[in-house]
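S.K.: Following this message is one structure expressed as structure tokens.
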Amino acid sequence: MATVHSKIGIIGGGISGIAAAKQLAKYEPIVFEATDCIGGVWKHCSYRSTKLQTPRRDYEFSDFPWTQRDNTTFPTYQEILDYLYSYAQHFDVLKFVKFNSKVVEIKFVGDREMNIFGEYGSLLTGNPVWEVALRTNESETLQWYAFDFLVMCTGKYGDIPNIPNFQQKKGPEVFKGQVLHTLDYSKLDQEACTRLVKGKKVAVVGYKKSAIDLAVECAEANQGPEGQPCTMVVRTLHWTVPHYSIWGLPFYLFYSTRSSQFLHQRPNQGLLRSLLCHMLSPLRRAASKLIESYLEWKLPLEKYGLKPEHPFEEDYASCQMAILPENFFTEADKGKILFKRTSKWWFWEGGVEFEDNTKLEADVVILATGFDGKKKLKAILPDPFRSLVEFPSGMIPLYRGTIHPLIPNMAFVGYLESVSNLHSAEIRCIWLSRLVDDLFKLPSVEKMLEQITQEMEIMKRTTRFYKRNCISTFSINHSDEICQEMGWQFWRKTNWLAEAFSPYNSQDYADAK
């Protein structure tokens, strides 16, 4: 079959892919989605109890508000999918999507000569730079497409589970029960999920949001005297939050306003700003201590040995904070959720064994151990670009969370995290569309690498969990710099009081000011 040539290709039909397609719609991009629906992880990695961890107002597109945006409940994954579909239909984005179309290979066919310290020219050269091999469900024959510009929106989660490594004869093969990853669990319907865990001794490995939700589902399926408890195998503790209120104060006051983020380090802050930030560090620590004191008072962390030793702000700075389901500790108090702290574990034929020589009997072990997003990228990117998405810190080095300075005519959306990943994706897609339109130019590769290095150094100094591209403590400043680059006014509020003490969200960027 002949190669199809188009200006822009987008790989992935999740939140980021749909946002990119909407912003780049005038170029009629082709969106490749490997499944039969949009939604990404919200469709394929969610289970019945999965909910958003932020209020609706913090997770909406700037030009498409929720119909019930004042509803204070966290929306379910199905509500988020419905919202995304409504957005895609409203802006007629679905016409760009090729469903059941899996990208299996990418080839670089552009100019291999690249001046590392030069200036970027137009991103739409009129000539193919990337070729993409596609396989559909209907055919094993590969269809090739050629693009001037390619946007990677495959995401950090889903598709490829992160499975722990085990020594010989200590892995799942010796266990006589059933082992599965949360990715496998999310593919089951409600009846199959209940059948899997009801009356079974279940071990859930992990202590992040997916593990916590899963433990509650297991507990709910095992009510009554015949029910078995679910045991969470916890290696690394993180702070969990029951709701967005701390001692009666809204949570956003601590981290999501200009005044609160002024206490934290940011890129390009200069010597005076650095000194001031250092002088104000006691206030930053006090804010973290205030939140910790509330959580210790509100939640039985000491009782269950679940109090982290690191400050709260380190979890927030690495986007590790999780919202607790309402009945999590209620089920723990009933004995339906148990906890086992350990740094090392492995399988034995009857369940899980730990480094203290204790054993846990189990019928089912569910691995809530995350996903390997970079492995997805590396599986389809060609050499030498494959090695460039791996960095010693574990993060992908991206300018404005979008452009890799050493990979030409390619953007990455959805690999940077903040308070609202939807807002992070949308504003970068707006920035990307204006960049493609030649409304501004990228700095030199050298300057971009300097900016990336600064951001990574700040993340590294702020939290021990820095192996994530997380800008939560300087997200407003990050958006400011994006606005400046696009020629927008970066102070988006109506007055200085709101500018200092009210939270920022997508609606603040609804139009150029």
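S.K.: I'd like to know which of TYR244, ILE11, TYR77 lies farthest towards the positive end of the charge dipole of the chain, counting +1 on Cβ of Lys and Arg and -1 on Cβ of Asp and Glu.
M.R.: Toward the positive end, the furthest listed residue is TYR244.
S.K.: Quick one: which residues, 5 or more positions from VAL4 or on another chain, have an amide H under 5 Å from its amide H? H modelled 1.01 Å from N in the peptide plane, none for Pro or chain starts.
M.R.: Placed amide hydrogens put TRP144, TYR145, ALA146 under 5 Å from VAL4.
S.K.: Which distance in Å, rounded to a whole number, links the C-alpha centroids of the stretch 153-202 and the stretch 419-454?
M.R.: Here the answer is 37 Å between Cα centres.
S.K.: Could you compute the FRET efficiency for LYS378 and GLU191, with r as their C-beta to C-beta distance and R0 at 41 Å, rounded to 0.05?
M.R.: My answer for the efficiency is 0.65.
S.K.: Where Lys and Arg each count +1 and Asp and Glu each count -1, what net charge lies around GLU499 among other residues with Cβ under 12 Å from its Cβ?
M.R.: Neighbourhood net charge equals +1.
S.K.: State, to one decimal in nm, how far the label point of GLU173 lies from the label point of TRP247, with both points 7 Å from Cα in the Cβ direction.
M.R.: A separation of 5.6 nm, rounded to one decimal place.
S.K.: Now for a separate question. Name every cysteine in the chain that ends up alone, with no second cysteine's Cβ under 4.7 Å, or say none.
M.R.: When partners are defined as cysteine Cβ atoms under 4.7 Å apart, the chain leaves CYS37, CYS45, CYS153, CYS193, CYS277, CYS429, CYS483 without one.
S.K.: Taking H as built 1.01 Å from N, whose amide H comes closer than 5 Å to the amide H of HIS181, not counting residues under 5 places away?
M.R.: Distant-sequence amide H within range of HIS181: LEU367.
S.K.: Can you tell me the Rg and the Dmax, both Å, for the Cα atoms in the stretch 197-311?
M.R.: Radius of gyration, then largest Cα-Cα span, for the stretch 197-311: 19.3, 65 Å.
S.K.: On the first, second and third principal axes, largest extent first, how far apart are the outermost C-alpha atoms of the chain in Å?
M.R.: 68, 61, 45
S.K.: Counting only protein heavy atoms, what percent of the accessible surface of the stretch 25-167 is carbon or sulfur at a 1.4 Å probe?
M.R.: Ligands and nucleic acids excluded, carbon and sulfur reach 48 percent.
S.K.: Anything over 25 Å Cα to Cα? Flag those among LYS208/LYS334; LYS176/LYS344; LYS51/LYS170; LYS43/LYS493, in the order listed.
M.R.: The answer is LYS51/LYS170; LYS43/LYS493.
S.K.: Ok, one more. Work out the length of the dipole vector of the stretch 1-133 about its Cα centre, built from +1 on the beta-carbon of each Lys and Arg and -1 on the beta-carbon of each Asp and Glu, and round it to the nearest 20 debye.
M.R.: Dipole magnitude for the stretch 1-133 comes out near 280 debye.
S.K.: For the stretch 319-392, which trypsin sites (Lys or Arg not before Pro) pass both filters: DSSP loop (anything but H, G, I, E, B) and at most 15 other C-beta atoms within 10 Å?
M.R.: Loop-located and lightly packed - LYS334, LYS344.
S.K.: Amide H to amide H under 5 Å from MET232: which residues, 5+ apart in sequence or cross-chain, H placed 1.01 Å off N in plane?
M.R.: VAL204, LEU338, PHE339, LYS340
S.K.: Using Cα pairs closer than 8 Å and at least 6 residues apart in sequence, work out the relative contact order for the chain, in percent.
M.R.: It rounds to 22 percent for the chain.
S.K.: If one puts a single equal scatterer on every Cα of the stretch 1-102 and applies the Debye formula without solvent, what log₁₀ I(q)/I(0) results at q = 0.15, 0.18 Å⁻¹?
M.R.: At q = 0.15, 0.18 Å⁻¹ the computed log10 ratios are -0.63, -0.86.
S.K.: Report, in listed order, any pair from LYS209/LYS467; LYS209/LYS340; LYS187/LYS467; LYS26/LYS376; LYS336/LYS359 with a Cα-Cα distance greater than 21 Å.
M.R.: In this structure, LYS187/LYS467; LYS26/LYS376 lie more than 21 Å apart at Cα.
S.K.: Follow-up question, since we're still on this one. Quickly work out the ILE163-to-GLN454 label distance, labels modelled 7 Å from Cα along the C-beta direction, and quote it in nm with one decimal.
M.R.: 4.3
S.K.: Here's a follow-up. Which one of ASN357, TRP66, ALA192 has its Cα pushed farthest toward the positive end of the charge dipole of the chain, where Lys and Arg give +1 and Asp and Glu give -1 at the Cβ?
M.R.: The Cα lying farthest towards the positive end belongs to ASN357.
S.K.: OK, next. Can you tell me what share of the DSSP beta bridges in the chain is antiparallel? A percent to the nearest 5 is fine.
M.R.: In the chain, approximately 45 percent of DSSP beta bridges are antiparallel ones.
S.K.: Further, regarding this structure: Taking the Cα centre of the stretch 349-467 as the origin and placing charges on Cβ (Lys, Arg +1; Asp, Glu -1), which of MET459, VAL413, TRP431 is farthest toward the positive end of the dipole?
M.R.: Of the listed residues, the answer is TRP431.
S.K.: Further question: From the phi of every residue in the stretch 399-415, what ³J(HN,Hα) in whole Hz does the Karplus formula 6.51 cos²θ - 1.76 cosθ + 1.60 yield, where θ is phi - 60° and glycine or proline is x?
M.R.: Whole-Hz 3J(HN,Hα) from phi for the stretch 399-415: 6, 6, x, 9, 10, 8, x, 9, 10, x, 6, 9, 10, 10, 10, x, 10.
S.K.: Over the chain, give the accessible area per residue in Å² for a 1.4 Å probe, as an integer.
M.R.: 45
S.K.: Compute the Kirkwood hydrodynamic radius of the stretch 388-440, taking the inverse of the mean of 1/r over all pairs of distinct Cα atoms, and give it in Å to one decimal.
M.R.: Averaging 1/r across every pair of different Cα atoms and inverting gives 11.8 Å.
S.K.: Also: Shape call for the stretch 121-262 from the C-alpha gyration tensor, a ≥ b ≥ c root eigenvalues: rounded (a/c under 1.5), prolate (a/b greater than b/c) or oblate?
M.R.: In terms of gyration-tensor shape, oblate.
S.K.: Give, in whole angstrom and from largest to smallest, the semi-axes √(5λ) of the equivalent ellipsoid of the stretch 442-513, with λ running over the eigenvalues of the Cα gyration tensor.
M.R.: Its equivalent ellipsoid spans semi-axes of 25, 18, 9 Å.
S.K.: Right, next: Could you tell me the relative contact order of the stretch 30-84? Use alpha-carbon pairs under 8 Å, at least six residues apart, and round to a whole percent.
M.R.: The normalised contact order for the stretch 30-84 reaches 43 percent.
S.K.: Sticking with this one: Return the sequence-ordered ³J(HN,Hα) values of the stretch 150-155 in whole Hz as given by the Karplus equation 6.51 cos²θ - 1.76 cosθ + 1.60 applied to θ = phi - 60°, using x for Gly and Pro.
M.R.: Each residue of the stretch 150-155 in turn: 10, 10, 8, 10, 6, x Hz.
S.K.: Looking at the stretch 114-238, what % of its DSSP beta bridges pair antiparallel, to the nearest 5?
M.R.: 55
S.K.: When the Karplus curve 6.51 cos²θ - 1.76 cosθ + 1.60 is applied with θ = phi - 60°, which whole-Hz ³J(HN,Hα) does each residue of the stretch 465-472 get, with x for Gly and Pro?
M.R.: Karplus values, whole Hz, x for Gly and Pro: 9, 7, 7, 9, 7, 10, 10, 4.
The values are calculated or read from the model by the stated rules, or taken from the named source; none is laboratory data. Given the structure is predicted, the values throughout are model-derived calculations rather than measurements. Positions of Cβ are generated from backbone atoms using ideal geometry, with glycine treated the same way; all protein chains shown enter the neighbour counts. Just so you know, the surface numbers come from the protein's heavy atoms only, side chains and all, with ligands and any DNA or RNA stripped out. Shrake-Rupley method; radii C 1.70, N 1.55, O 1.52, S 1.80 Å.
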